[in-house]
Amino acid sequence: VQLQASGGGSVQAGGSLRLSCAASGRTFSWYAMGWFRQAPGKEREFVASIAGRDRSTYYADVVKGRFTISRDNAKNTVYLQMNYLKPEDTAVYYCAEDRLAAPPQRHAARYDYWGQGTQVTVSS
């Protein structure tokens, strides 16, 4: 399985970015997908996840209402739309593929495969 994340960049506070993660290697729709992030000097933290088929979602409280996770199973791609970005959202963002289809999970140990990460920098 390969996961290729893209879409990171630098924006000012209040701006938006859309991350994408293209997956290959196994049947994409069978597995939940998640986004995590890691800021310098901090532990990796859960951001959002989406189930494989029913597309139910789960968000960390700190991003709820600002970020939206979605997926296009025909394109084997998961997205993270990030609005109203804050400086504290600055981190390397990683996509990951769960070992199960559902429910969407926040625990990193459930995810079998990880992408290479994409940098998001939000300036004040």
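The values are calculated or read from the model by the stated rules, or taken from the named source; none is laboratory data. What you are looking at is a predicted structure, and each value in this text was computed from that prediction instead of being measured. For neighbour counting, all protein chains shown are included, and Cβ atoms are generated from backbone atoms with ideal geometry for every residue, glycine included. Surface accessibility is based on the protein's heavy atoms, side chains included, excluding ligands, DNA and RNA. Shrake-Rupley method; radii C 1.70, N 1.55, O 1.52, S 1.80 Å.
Numbers at a glance
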read-out	value
Total formal charge among the other residues, if their Cβ is under 12 angstrom from that of PRO103, Lys/Arg +1 and Asp/Glu -1	+2
Sum of side-chain charges, TYR31 neighbourhood, beta-carbon under 9 Å (Lys, Arg +1; Asp, Glu -1)	-1
With every protein chain in place, the chain: carbon and sulfur % of accessible area (1.4 Å)	47 percent
Cα convex hull volume per residue for segment 1-88 (Å³)	98 Å³
Percentage relative contact order, segment 1-71, counting C-alpha pairs under 8 Å, at least six apart	21 percent
Solvent exposure of segment 61-100 as accessible area per residue, Å², 1.4 Å probe	46 Å²
Charge-dipole axis of the chain as Lys and Arg at +1 and Asp and Glu at -1 on Cβ define it, positive-most pick from ALA74, GLY117, ALA101	ALA74
For q = 0.19 Å⁻¹, Debye-computed log10 I/I(0) when each Cα of segment 76-124 counts as one equal scatterer	-0.76
